[in-house]
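The next block holds one structure in the form of structure tokens; read it before the comments.
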Amino acid sequence: MSDSDDPAAVSLAASIGALVVTFLLITPIAGTLLGFNWTQAVLIGGLSGSVAVLSARLTARRAGEMEG
């Protein structure tokens, strides 16, 4: 069993990935297309990223419960 199979490592990778992808998608959309100023856009992107991390963690936990 390698370290990459560790559920904590997978959950951390999913959390970081969800945070980065969501932040990089939502922030420019909020700043350019929706007309928010950039401070608001960054705050919206951060909040969206936090929600995505919570969702990724809950999904990973639920998948772990279904396996074992």
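Need the failing condition index for F36 against (1) modelled with pLDDT of 80 or more; (2) assigned to a helix (DSSP H, G or I), just the number.
Failing condition for F36: (2).
Conditions (1) among the β-branched types (V, I, T); (2) at pLDDT 95 or above; (3) in a loop (DSSP other than H, G, I, E, B), marked per residue:
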residue	(1), (2), (3)
M1	no, no, yes
S4	no, no, no
A8	no, no, no
G17	no, no, no
T22	yes, no, no
V42	yes, yes, no
A56	no, no, no
R61	no, no, no
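The values are calculated or read from the model by the stated rules, or taken from the named source; none is laboratory data. Please read all numbers here as calculations on a predicted model, not as lab measurements.
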